[in-house]
Amino acid sequence: MNMDDVTLYTGECAAIMAEHIRDESVDLVVTSPPYNCRKIYGDFDDMLPWPEYYSWFSKVLKELYRVLVPGGVIAINIPGVVRWQANHRYADTWSDFDPYYKTHRGGKKVIGKGRIEPVGFQIFEMMKQNDSHIREPIIWVKGSEGNAIGGDYRMGCDSDPYMRPAHEFILLGSKSRWFHRGGTGRRGGDAVPFLDETKDVWFITPDRDSRHPAIFPVELPRRLIKLFTHAADSVVLDPFLGLGSSGVAAAELRRSFIGIDINAEYVELSRERIAKVLAQPPLFRLTPGCSGRGLDESEAEQLDLLAAPLNLVN
Ligand SMILES: C[S@@+](CC[C@H](N)C(=O)[O-])C[C@H]1O[C@@H](n2cnc3c(N)ncnc32)[C@H](O)[C@@H]1O
């Protein structure tokens, strides 16, 4: 496998998918969309009225389900809820906005307030509307409290305590059926060997990079790719590429990869990160019955795959 198996686009992902990605050509979508809560992604302004955000995201989801193969999986990293932001430009579009709420803060009168926007729950419902084959969501616990929560996070008051955010979801859905292609269908410990990965709570320390405000750790897409792609020619797609963490995991596991980001600088940084991985020998032994796309002989030798016939049956 080399950079010919990696395709990166700059642009709005729904439009790029409509123009460039064929029906039923992707095995796994691993992604984390903008949460509509003021992260600054270069020029992209992550702040829409919530109904507009959901209507845009439903177009993205429609495209994602279109490009998935039957049995393909969508994995979306998103919090169940995002927290109220008084200075959100469309504060009154939050689902639970209460226009009659009144209080005083720092001598200032505050009128009107929301509390949470259940963005992850809404998106899970939207996934179900696209295809009833939803899967068990995973809770990603974001390390220790110190990692996950800023020291200045306000906890409300004793008559209204807030729950501090220490986790996000990975929402999972399949298209048309639950079995994905390329697996052997075998059960048991050696066929599904990733004990930590098959628990529905994952403890993974978050990652940070000064070049991007919100990346996820490579371990997250790495686990998802190992669990949900087994065909020799599997293709992984991330429509919100960021710094390309999904592409790095796909390259480590020698899966073909398609990435899209609206910000050209992120796309170039992703290209560099992915190329660096592909210049190294593969790090991982692949799961039984599974080869990466385009492994050359020396790579296969390193992975000890030549001794056993490769399962190239999709
Ligand atoms: C939460 S970040 C993804 C980070 C990525 N998972 C990583 O680990 O680097 C969301 C990304 O989506 C991009 N983005 C926002 N709106 C987009 C759109 N309509 N089409 C494509 N990319 C978009 C932003 O530029 C940002 O890099």
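Subtract the Cα-Cα distance of Y162 and C37 from 0.36 nm times their separation in residues, and report this length gain in nm to one decimal.
Values: separation 125, 0.36 × 125 = 45.00 nm, distance 1.82 nm.
Computed gain between Y162 and C37 is 43.2 nm.
Report the calculated FRET efficiency for R187 and N2 (r = Cβ-Cβ distance, R0 = 25 Å), to the nearest 0.05. Intermediate results must be reported in sequence, preceding the final value.
Details: r = 35 Å, r/R0 = 1.41.
E(calc), rounded to 0.05, equals 0.10.
In what order do F121, F169 fall by count of nearby beta-carbon atoms within 10 Å, going from fewest to most?
Numbers: F121 17, F169 20.
Sorted ascending by nearby Cβ count, the order is F121, F169.
Starting from the Cα of K276, draw a straight line to each of the lysines and keep only those under 23 Å, dropping any in the same chain fewer than 8 residues away.
Straight-distance partners of K276: K226.
Run the simple label-point estimate for S25 and K59 please: 7 Å along Cα→C-beta, distance reported in nm.
Output for this residue pair reads 2.0 nm.
My understanding is that a pair violates if its Cα-Cα distance is over 21 Å; which of K142/K199; K39/K142; K59/K113 do that in this structure?
Numbers: K142/K199 15 Å; K39/K142 18 Å; K59/K113 29 Å.
K59/K113, as the Cα separations exceed 21 Å there.
List the chymotrypsin sites (Phe, Trp or Tyr not before Pro) within region 205-288 that fall in a DSSP loop (any state other than H, G, I, E or B) and whose Cβ has at most 16 other Cβ atoms within 10 Å. Could you put the intermediate results ahead of the total?
Details: sites: F228, F240, F257, Y266, F284; in loops: F240, F284.
Loop-located and lightly packed - F284.
Can you give me the long-range amide H partners of I134? Hydrogens built in the peptide plane at 1.01 Å from N, cutoff under 5 Å, separation of 5 or more residues or another chain.
Those qualifying (amide H under 5 Å, at least 5 residues apart or on another chain) are S174.
Would you mind checking which residues have amide H under 5 Å from L237's amide H? H placed 1.01 Å from N; only 5 or more apart, or other chain.
L28, V29, V30, I258
Which loop-located trypsin sites (Lys or Arg not before Pro) does region 36-116 contain, where loop means any DSSP state but H, G, I, E or B and the Cβ has at most 14 other Cβ atoms within 10 Å?
Details: sites: R38, K39, K59, K62, R66, R83, R89, K102, R105, K108, K109, K113, R115; in loops: R38, K39, R89, R115.
Here the sparse-neighbourhood loop sites are K39, R89.
Compare the peptides 91-98, 229-236 by average per-residue count of other Cβ atoms within 10 angstrom and give them in order, highest first.
Working: 91-98: 15.5, 229-236: 23.8.
Ranking, from highest mean packing down: 229-236, 91-98.
Non-local amide H neighbours of N263 (under 5 Å, H modeled in plane, Pro and chain starts lacking H): which ones?
Under 5 Å from the amide H of N263 lie the amide H atoms of G11, each far enough along the sequence or on another chain.
For labels at Y90 and K199 in the simple 7 Å Cα→Cβ model, what's the distance in nm?
3.9 nm
A short reminder: the numbers here are calculations on the coordinates, not readings from a lab. All figures in this text were calculated on a predicted structure; none of them were measured in a lab. Cβ coordinates were reconstructed from backbone atoms using ideal geometry, including for glycine residues, and neighbour counts include every protein chain displayed.
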